[in-house]
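The values are calculated or read from the model by the stated rules, or taken from the named source; none is laboratory data. Just so it is clear, the model here is predicted, and its values are computed rather than measured. FYI the Cβ positions are ideal-geometry reconstructions off the backbone, even for glycines, and counts take in every protein chain you see. When the accessible area is computed, the model is the full protein with side chains, heavy atoms only, and any ligands, DNA or RNA have been set aside. Shrake-Rupley method; radii C 1.70, N 1.55, O 1.52, S 1.80 Å.
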Amino acid sequence: MTRTATINLDKVSVGESATPRLSNVTVTFQQNELTAIIGPNGAGKSTLLKCALGLTEPDAGAISINNKALTSLSPIERARIVSYLPQMRALAWPLKVRDVVALGRFAYGGALGRLKAEDAAAVDQAIISCGLERLRDRNTDTLSGGELARVHCARAFAAQTPLLIADEPVASLDPHHQFKIMAFIKDYVTKGGGAVVVLHDLSLAASFADRLIWMKDGKINADGSPDETMTRERIQDVFDVSAEVSKRDDGALQVTMTGV
Amino acid sequence: MNDRLLLSCLGLASLAAIFAACFLGSTPMPPGRLFAAMVGAGSVGDHIVLWEIRLPRAIAAFIVGGALGLCGAALQGLLRNPLAEPGVLGVSAFSALGATLALFYGAAALSPFVLPLSAIAGALAATFFLAFAAIRNSSMVTLILIGIGLSSFAGALMALLLNLAPNPFSLSDLISWTLGSVANRSFADLALAGPFLGAGLIFIVMSGRGLTALSLGEEAAHGLGVNLRRTRMFVVIGTGLITGAAVSIAGAIGFVGIVAPHLIRPLVNHDPARTLAPAAFLGGILLVLADIGVRLIPTPSELRLGVLAALIGAPAFIWIASQRRTGS
């Protein structure tokens, strides 16, 4: 992962001006940082990610990857720079775990069962990094939700892209798997990747993210490190809940919701 | 199972089925006479029975079954639904309607290509409509319901044509399109459909990898680098061309496209791309066997192939549907 990569959104708006899903958002995503996007339901978090990936066309504004307009990149070119973990993860067919991970190599032309050596190595590495060695020959319909989340993570890592976008990767997972998935993503960032992750758990976001983007009503409310931005006033403002923010012994921030 | 081994087995089974279809029939033809007719020796009668009746019929059944098996596998991959199939989704019915319209208004007499082209036009109209509905509505149940609506609508239009049919001759023509049969097909009929089958095949083969990626859902497939618009368009055009060509040979025959891919999928680790070719072979074999059944089952008038296919296929459809887990 020596290539540098950035995604720029410049004054991006989506939706009608009366009730915009995104309103005049300018933001840059880059490597070597784990960015968590937080905000209430309907704040525009998923829309922001979909714009960055070309899944949603903005009504105004410009999106570029590595200073090239997103629309000028072919799907393959884009997929070699940024990989995507969408929210919905149901598989249509009970593929084998290894085959799902191998799909991560799609942009490099590898067909299932006939992977080139380089692709096979990337797949094996991703399988190991997500602890799936013992599950590699299982069918995905026999896996638990946590195991399936790990498989999707491995699939995204197998692409070995400099950037990763994940929409609620830990939704509906048990605490063990929440930490595990976040640790995998953190590890990916430590190795030089850049991750943008939508999270709902503020404590999880504070302890793993290098940068928090707070969203409300289609706008960015704040953008900065957890230490700078995680305050009870902001939580009240963005989420409309009362909360206490404290510092644990290890320095990580702890958020406790106390009521509405 | 290794893909090459699977395809070799299916290829051999295909040859065996076609050979059996030449061998069996109302006029007994012992192997000795069959071989003689094959190499050009033997009596003129045997030669005609083999080369102008049984072999074209067997090959027509194989091509039509193969076409439907392939289209079923491709549509199932695109729509991520094991129940998608040209017959169930109303594509075959609209294709048959296109063909009957051409016959009904005498356009089919203008050129031999009018009939396959009208069948293809009907099939394409239905597949485009389905693809459009599938994009706007991600629910798979809705899609099947839309397909059932399309089938019923095509059926109603066909009934309207039956009502208006000017004479008994056109009436029986209409019925044979809806029931489906490969009796009395010649190599010339097959050659007419050939170019469309070939073109459709190219479209389907080019969309294979995209279908595998679509297992993860459309958004994830987009993220992997699949050109969704292109994949969707290729499958729609490919299945439209192939289903239309198959219907122009044999009329509307349902359910082959569900049963064949369903049986193949576990053998290829459920990979939609690797399902395509084996499902085509198996579809061909199944329809050749069904056509042998049609010829051997003693009924007052010969059973229609489409009728037998539906008698076997519809219960299979119900079984597969009841096996689906809810929530997807």
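Antiparallel beta bridges, as assigned by DSSP with both residues in the protein assembly as shown, represent about 60 percent of the total such bridges.
For residue B:153 and residue B:296, what does the FRET efficiency come to when R0 = 35 Å and r is the distance between their Cβ atoms, rounded to the nearest 0.05?
Working: r = 36 Å, r/R0 = 1.02.
It comes to 0.45.
Using θ = phi - 60° in the Karplus curve 6.51 cos²θ - 1.76 cosθ + 1.60, the 3J(HN,Hα) couplings for region A:115-130 round to 7, 6, 4, 5, 5, 4, 5, 5, 5, 4, 4, 5, 5, 5, 5, 9 Hz; x is entered for Gly and Pro. Taking amide H as placed 1.01 Å from N in the peptide plane, the amide H of residue A:85 sits under 5 Å from that of A:165, A:166, A:167, each at least 5 places away or on another chain. Its Cα centre serving as origin, chain B has a Cβ charge dipole (Lys and Arg +1, Asp and Glu -1) of approximately 540 debye. Rounded to the nearest 10 degrees, the inclination of helix B:168-179 to the longest alpha-carbon principal axis of chain B is 50 degrees.
Amide H contacts under 5 Å for residue A:215: A:38, A:39, A:221, restricted to partners 5 or more places along the chain or on a different chain, H placed in the peptide plane at 1.01 Å from N.
Taking every protein chain into account, the 1.4 Å probe leaves residue B:9 with about 70 Å² of accessible area, to the nearest ten. Site pair residue B:5 and residue B:233 shows an inter-label distance of 4.1 nm when each label is modelled 7 Å from Cα along Cα→Cβ. For chain B, the relative contact order comes to 31 percent (Cα pairs under 8 Å, sequence separation of at least 6).
The mean sequence separation of alpha-carbon pairs under 8 Å and at least six residues apart, normalised by the residue count of region A:172-260, gives a relative contact order of 18 percent.
Of the chymotrypsin sites (Phe, Trp or Tyr not before Pro) found in region B:69-164, those that fall in a DSSP loop while having at most 12 other beta-carbon atoms within 10 Å are B:105.
Amide H contacts under 5 Å for residue A:243: A:258, restricted to partners 5 or more places along the chain or on a different chain, H placed in the peptide plane at 1.01 Å from N. Cross-link reach is defined here as a Cα-Cα straight distance under 13 Å, omitting same-chain residues fewer than 8 places apart; for residue A:180 the aspartates and glutamates meeting it are A:147.
Taking Cα atoms only, the orientation of helix B:305-323 departs from the longest principal axis of chain B by about 30 degrees. Per-peptide packing, taken as the mean over residues of other Cβ atoms within 10 Å, places A:92-102, B:81-91, B:193-203 in the sequence B:81-91, A:92-102, B:193-203 from highest down.
With a simple spin-label model that places each label point 7 Å from the Cα along the Cα-to-Cβ direction, the separation between residue B:35 and residue B:111 comes to 4.7 nm.
Per-residue mean of foreign Cβ neighbours for B:266-276 is 4 (Cβ atoms of other chains, 10 Å radius). Residue by residue along A:90-102, Cβ atoms of other protein chains within 10 Å of the local Cβ number 5 on average.
Only helices enter the 222 nm calculation for chain A: every DSSP H run of n ≥ 4 contributes -39,500 (n - 2.57), and dividing by all residues gives -9000 deg cm²/dmol, rounded to 500.
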